[in-house]
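The values are calculated or read from the model by the stated rules, or taken from the named source; none is laboratory data. Nothing here was measured: the structure is a model prediction, and the numbers come from that model. Here the Cβ is made from the backbone with ideal geometry for all residues, glycine too, and neighbour counts use every protein chain on show. Quick note on the areas: whole protein, heavy atoms, side chains included, nothing else; ligands and nucleic acids left out. Shrake-Rupley method; radii C 1.70, N 1.55, O 1.52, S 1.80 Å.
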Amino acid sequence: MRFTSAGLRSWLRSHPLFGDSLLAVVLTAGSLAVITLIGVEEAARLHGAVHVEIRPPDALNVILAVLCTLPVALRRSLPFVLLTLTAVPECVLNALGYNTGLSEIAGLILLYTVAAHRGLALSLAGLAVTVIGYAVGTGLSPLTLSWPEHTVIIVVILLCLVSGRTVRLRRAYLAELVQRADRLERAREADTRAARAEERSRIARELHDVVAHHVSVMTVQAAAARRMLDTRPAVARDALTAIEEMGRTAMAEMRDIVGVLRTDGPAERGPQPGMGDLRTLVEQMREAGLHTRLLVEGEEVALPPGIDLAAYRLVQETLTNSLRHAGPAAGAWVTVRHGPDELTVHVEDDGRGAVAADPERPGGTGHGLVGIRERVALYGGVLRIGPRSGGGFEVHAQFPLRQHSPLKGGPLKETA
């Protein structure tokens with residue numbers, strides 16, 4: 001099995017006790033090698049005290065050196081406690097004039113660990129323990145060092161502290177980045193879920209508008225064909241042809257809408273209808289039996305796509321309701337007024353209006369008028385729905401054109 005350097009580092013990070021134990025063993029072996037293999041004269045020369053006698057190594061020297069270096073194996077769990085405890089045998093080594101080996105390096109490692117894995121207060125306490133231990137050991141040792149040597153040692157101690165604190169702060173910064181990335185990921189998932197819910201709601205409105213309109217027209221045409229089948233077969237044939245064409249149109253629109261739900265490939269989506277298709281819609285309503293008239297005031301201009309679709313669906317849904325609920329021989333009027341700052345759409349009929357109890361009128365449980373309210377509210381428009389004076393029903397909507405972005409126009413303003 002091959003180990004890469006990155007894989008080995010990852011394994012050591014997940015098994016810190018193994019790495020620390022290996023470090024402690026290597027440090028202890030090196031310390032014992034320095035104590036036993038270097039002669040007394042050489043050790044005195046290395047310590048800068050040629051004329052000072054250093055005790056030859058013995059069992060006590062080895063035991064005290066091991067007590068200074070071997071605890072490094074547990075440095076991550078009890079760094080401050082071990083730093084304090086190992087200062088004692090190190091001071092004893094200095095007081096008895098033994099060769100300390102690598103005991104000082106073990107103390108520096110423990111100080112770095114305290115600074116890297118504990119808080120600032122405990123790090124400063126570890127620094128105090130190290131400095132005091134060094135001062136006590138220096139005072140008890142028969143060896144003497146010059147002030148430049150003391151300065152270098154103090155600087156090394158401070159560097160260990162600063163390095164540990166830097167590593168701790170960097171680790172905390174990286175942890176904060178990871179947490180921030182997790183929060184952003186959760187926020188992105190929440191936004192995605194909200195977008196999906198909004199898209200489902202939009203598709204539901206589109207499906208309702210398409211199905212309600214076309215099925216209503218097809219139902220009226222089928223009823224007319226049934227009545228004329230025996231007496232006027234040519235009229236019945238025309239009605240059946242209109243039903244076939246309406247069904248094909250409904251299927252095409254439904255295929256375009258449901259196409260966005262497909263995940264096996266790009267959706268085949270045709271252009272959405274708009275206010276430019278009102279004349280075709282009015283002709284369909286006339287063929288279905290609703291006497292419909294269209295009046296366009298002002299100069300027709302290109303509308304924002306969202307408002308264009310919303311206004312068309314409003315007219316489509318309102319005329320569909322008139323066809324279904326206004327009663328026989330009812331008439332409907334569609335007035336579209338293009339202004340410089342707003343688009344006004346007014347749809348009214350002279351049928352039964354609010355007198356008839358049906359689910360699509362106010363107080364019912366249908367989804368048609370709910371969809372109209374949502375569409376107008378999405379673009380900050382003003383909506384009025386209710387009975388018409390003189391009988392019938394009317395829907396009046398105003399769409400602002402300068403602030404036409406969705407959700408920028410504020411809540412829906414609806415008047416009775």
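Miscellaneous remarks
Yes/no per residue for (1) at pLDDT below 90; (2) touching a strand residue (DSSP E or B) at 6+ places or on another chain (Cβ under 7 Å); (3) surrounded by 11 or more Cβ atoms within 10 Å (Cβ to Cβ):
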position: Ile132; (1), (2), (3): no, no, yes
position: Thr138; (1), (2), (3): yes, no, yes
position: Val156; (1), (2), (3): no, no, yes
position: Cys160; (1), (2), (3): no, no, yes
position: Ala187; (1), (2), (3): yes, no, no
position: Ala195; (1), (2), (3): yes, no, no
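- Residue match in region 111-126 (condition: within 19 Å of Leu32 (Cβ to Cβ) and surrounded by fewer than 19 Cβ atoms within 10 Å (Cβ to Cβ)): no
- Candidate set from region 389-416 (those that are of a type in the set (Gly, Ala, Ser) and at pLDDT below 50); member that is most open to solvent (accessible area, probe 1.4 Å): Ala416
- Residue in region 367-388 that is more than 28 Å from Pro304 (Cα to Cα) and modelled with pLDDT under 85 present: no
- Listed conditions (1) modelled with pLDDT of 90 or more; (2) surrounded by fewer than 21 Cβ atoms within 10 Å (Cβ to Cβ) are all met by Val347, apart from (2).
- In region 1-68, counting only helices (runs of 4 or more DSSP H) that sit wholly within it, none holds 2 or more residues that are surrounded by fewer than 13 Cβ atoms within 10 Å (Cβ to Cβ), modelled with pLDDT of 90 or more and touching a strand residue (DSSP E or B) at 6+ places or on another chain (Cβ under 7 Å).
- Candidates in region 322-344 are the residues that are open to solvent by less than 10 Å² (accessible area, probe 1.4 Å) and not in a strand (DSSP E or B); of these, the one that is farthest from Glu283 (Cα to Cα) is Ala326.
- Qualifying residues in region 281-297 (those that are open to solvent by 80 Å² or more (accessible area, probe 1.4 Å) and without any contact (Cβ under 8 Å) to a residue 60 or more places away in the chain) - the one farthest from the chain's Cα centre (by Cα): His291
- Qualifying residue in region 82-103 (condition: of a type outside the set (Gly, Ala, Ser) and more than 29 Å from Thr36 (Cα to Cα)): no
- Leu169 being modelled with pLDDT of 90 or more, open to solvent by 70 Å² or more (accessible area, probe 1.4 Å) and not polar (S, T, N, Q): yes
- Residue list for region 298-317, filter: open to solvent by 10 Å² or more (accessible area, probe 1.4 Å) and touching a residue at least 12 places away in the same chain (Cβ under 8 Å): Gly298, Glu299, Glu300, Val301, Leu303, Pro304, Pro305, Gly306, Asp308, Leu309, Tyr312
- Only a single criterion out of (1) farther than 22 Å from Arg75 by Cα; (2) modelled with pLDDT of 90 or more; (3) hydrophobic (A, V, I, L, M, F, W, C) is not satisfied by Leu110, namely (1).
- For region 89-137, a residue qualifies if it is over 50 Å from the mean Cα position of the chain (by Cα) and of a type in the set (S, T, N, Q), and the qualifying residues are Asn94, Asn99, Thr100, Ser103.
- Cβ-Cβ under 8 Å pairs, at least 6 apart or on other chains, region 319-342 side modelled with pLDDT of 90 or more, far side assigned to a helix (DSSP H, G or I) and among the small types (Gly, Ala, Ser): Ala332/Ser322; Val336/Ala311
- Number of the condition not met by Glu360 [criteria: (1) surrounded by fewer than 22 Cβ atoms within 10 Å (Cβ to Cβ); (2) within 45 Å of the chain's Cα centre (by Cα); (3) outside any helix (DSSP H, G or I); (4) at pLDDT 85 or above]: (4)
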